[in-house]
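So the structure is just underneath, and the comments pick up after that.
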Amino acid sequence: MDILTTIPVRLNGPDSIAPLLENVRQRIARRAYENFIERGAVYGHDLDNWLDAEREFIIKPFAETHTEGKDVFVEVILPKIELTNLAVHVAPGQFVISSDPDEDGLQLCEVIDLPVEISLASVDAEQLNNVIRISAVSAQG
């Protein structure tokens, strides 16, 4: 019989979101510029260069959000690869799931906008195999 054990996932507060997303944006921008140069510095392909860089660096897992009464639940299906420093960054209206970049620059980063504002103190996140389950309570009375 297998014993299933969940692992708590590190929670970071709202102040961690802007620096994380800015770092991701800078990494993508640098790679998009490299794509521009590699394509012969031809103008008019800015969006293609950006999207190619984003696909190269960012893993966007499937996430599903639902509510039951005052409770908010998010389930995120992770890829079956090693993710370093997996974390959930919590703000009243969103979660950001992230990992550190691996040696190839590949990083998990997903912004999940919530249907309601939540109480930050109520957030719990745990991982079981390749699924993160996050729960919180609505801040609305």
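The values are calculated or read from the model by the stated rules, or taken from the named source; none is laboratory data. Small disclaimer: the values here were computed from a predicted structure and weren't measured. Every residue, glycine as well, gets a Cβ built from its backbone with ideal geometry; the counts of neighbours run over all protein chains shown. These area figures cover heavy atoms from the full protein model, side chains too; ligands, DNA and RNA do not enter into them. Shrake-Rupley method; radii C 1.70, N 1.55, O 1.52, S 1.80 Å.
Tabulated data for the structure shown
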{"item": "Virtual paramagnetic centre 7 Å along Cα→Cβ of LYS70, amide N under 20 Å, in segment 77-107", "result": "91-94"}
{"item": "Contact order relative to length of the chain, as percent, for alpha carbon pairs under 8 angstrom and 6 or more apart", "result": "27 percent"}
{"item": "Gained length - ASP48 relative to LEU106, 0.36 nm times residue gap less alpha-carbon distance", "result": "19.0 nm"}
{"item": "Residues listed by number, segment 10-29, amide nitrogen under 17 Å from ARG133 label point at 7 Å toward C-beta", "result": "10"}
{"item": "Equivalent ellipsoid semi-axes, the chain, via Cα gyration tensor eigenvalues times 5, rooted, Å", "result": "32, 18, 12"}
{"item": "Inter-part distance where segment 68-141 and segment 1-63 are each reduced to a Cα centre, Å", "result": "16 Å"}
{"item": "The chain, accessible area per residue, ligands and nucleic acids excluded (1.4 Å, Å²)", "result": "60 Å²"}
{"item": "Carbon and sulfur %, accessible surface of the chain computed with the full protein complex present, 1.4 Å", "result": "52 percent"}
{"item": "Within segment 61-95, GluC sites (Glu not before Pro) in DSSP loop having at most 16 other beta-carbon neighbours inside 10 Å", "result": "GLU82"}
